[in-house]
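Student: Got a structure for you, questions after.
The values are calculated or read from the model by the stated rules, or taken from the named source; none is laboratory data. What you see is a predicted model, and the numbers here were worked out from it, not measured in a lab. As a convention, Cβ positions derive from the backbone with ideal geometry for all residues, glycine included, and neighbour counts pool all protein chains shown.
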Amino acid sequence: MKISLIAATFAALALTTAANADDIKDGKKEFNKCKACHAIKSDTGEDIVKGGKVGPNLYGIVGKAVASTEDFKYGDGLKAVGETGMVWTPEELEVYMTDPTAWIDEKLGDTKAKSLMTHKQKKKQEEIVAFLESVVTE
Ligand code: HEC
């Protein structure tokens, strides 16, 4: 709950002040932790960040439907959230990456569904989202 509140505050700030270059740079650096499992590859096939294939491509993730990358085999929990029609907003991304299984539990109610993503990102969540948004060209 506390984390959601903090994330919501960050999101409100992000709406009023466009991400600055320093945030994007910080986020890019922090994304090094994500790229073990995630690549960022544009729709035209350009490798923006070469990364692992354990997790789905994160190109254009802000504004994209949850669990909607074709050819990726999501876990039951994230798939079930995706079936509700939810779309990734900056604030949901920040809370999700902080503790993916807790986020799925919160969205689905009491559930035993675990996230396939075990990584918990405890800092610079807002900067990572700013970076993810910055690489999308249209
Ligand atoms: C150890 C591997 C691993 C790391 C490190 C990792 N992830 Fe993931 N990520 C996954 C897997 C696997 C999934 C699919 C989860 C599922 O199906 O439950 C996932 C799913 C996601 C999704 C949902 C995508 C969608 O299509 O709905 C987002 C967003 C995400 N990760 C962001 C991040 C960010 C940001 C970081 C770095 C802070 C990160 N991940 C680090 C493995 C990882």
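Student: What's the number of the only condition in (1) over 20 Å from residue 7 (Cβ atoms); (2) near the ligand (Cβ under 8 Å from one of its atoms); (3) of a type outside the set (A, V, I, L, M, F, W, C) that residue 33 fails to meet?
Tutor: Going through (1) over 20 Å from residue 7 (Cβ atoms); (2) near the ligand (Cβ under 8 Å from one of its atoms); (3) of a type outside the set (A, V, I, L, M, F, W, C) one by one, residue 33 breaks only (1).
Student: Then there is this: Which residues, counting only those in region 33-58, are in contact with a strand residue (DSSP E or B) (Cβ under 8 Å, 6 or more places away or on another chain) and of a type in the set (D, E, K, R)?
Tutor: Of everything in region 33-58, those that are in contact with a strand residue (DSSP E or B) (Cβ under 8 Å, 6 or more places away or on another chain) and of a type in the set (D, E, K, R) turn out to be 35, 41, 47.
Student: Got at least one residue in region 107-115 being buried (at least 18 other Cβ atoms within 10 Å of the Cβ), touching a residue at least 60 places away in the same chain (Cβ under 8 Å) and hydroxyl-bearing (Ser, Thr, Tyr)?
Tutor: Looking through region 107-115, none of the residues is buried (at least 18 other Cβ atoms within 10 Å of the Cβ), touching a residue at least 60 places away in the same chain (Cβ under 8 Å) and hydroxyl-bearing (Ser, Thr, Tyr).
Student: Can you tell me which of 66, 62 is touching an Asp or Glu at 6+ places or on another chain (Cβ under 9 Å), within 8 Å of the ligand (Cβ to nearest atom) and modelled with pLDDT of 95 or more?
Tutor: 66
Student: When you scan region 82-90, do you find a residue that is crowded, with 16+ Cβ neighbours inside 10 Å, under 23 Å from residue 40 (Cα atoms) and within 11 Å of the chain's Cα centre (by Cα), even just one?
Tutor: Yes, region 82-90 contains a residue that is crowded, with 16+ Cβ neighbours inside 10 Å, under 23 Å from residue 40 (Cα atoms) and within 11 Å of the chain's Cα centre (by Cα).
Student: I'm trying to understand the selection: among the residues of region 110-134, which are aliphatic (A, V, I, L, M) and out of contact with any Leu (no Cβ under 9 Å at 6 or more places or on another chain)?
Tutor: 130
Student: So, one more: Among the residues of region 69-103, what is the count of those that are near the ligand (Cβ under 7 Å from one of its atoms), of a type in the set (A, V, I, L, M) and more than 18 Å from residue 127 (Cα to Cα)?
Tutor: Residues meeting the conditions: 1.
Student: Restricting attention to region 104-116, which residues are over 12 Å from residue 81 (Cα atoms) and more than 12 Å from the ligand (Cβ to nearest atom)?
Tutor: Scanning region 104-116 gives 110, 112.
Student: Scanning region 41-58 for residues that are touching a residue at least 24 places away in the same chain (Cβ under 8 Å) and within 10 Å of the ligand (Cβ to nearest atom), which turns out nearest to residue 105 (Cα to Cα)?
Tutor: Among those that are touching a residue at least 24 places away in the same chain (Cβ under 8 Å) and within 10 Å of the ligand (Cβ to nearest atom), it is 55.
Student: If you check residue 102 against the conditions, is it over 22 Å from residue 6 (Cβ atoms), surrounded by fewer than 18 Cβ atoms within 10 Å (Cβ to Cβ) and of a type outside the set (Val, Ile, Thr)?
Tutor: So residue 102 does not fit the description; no.
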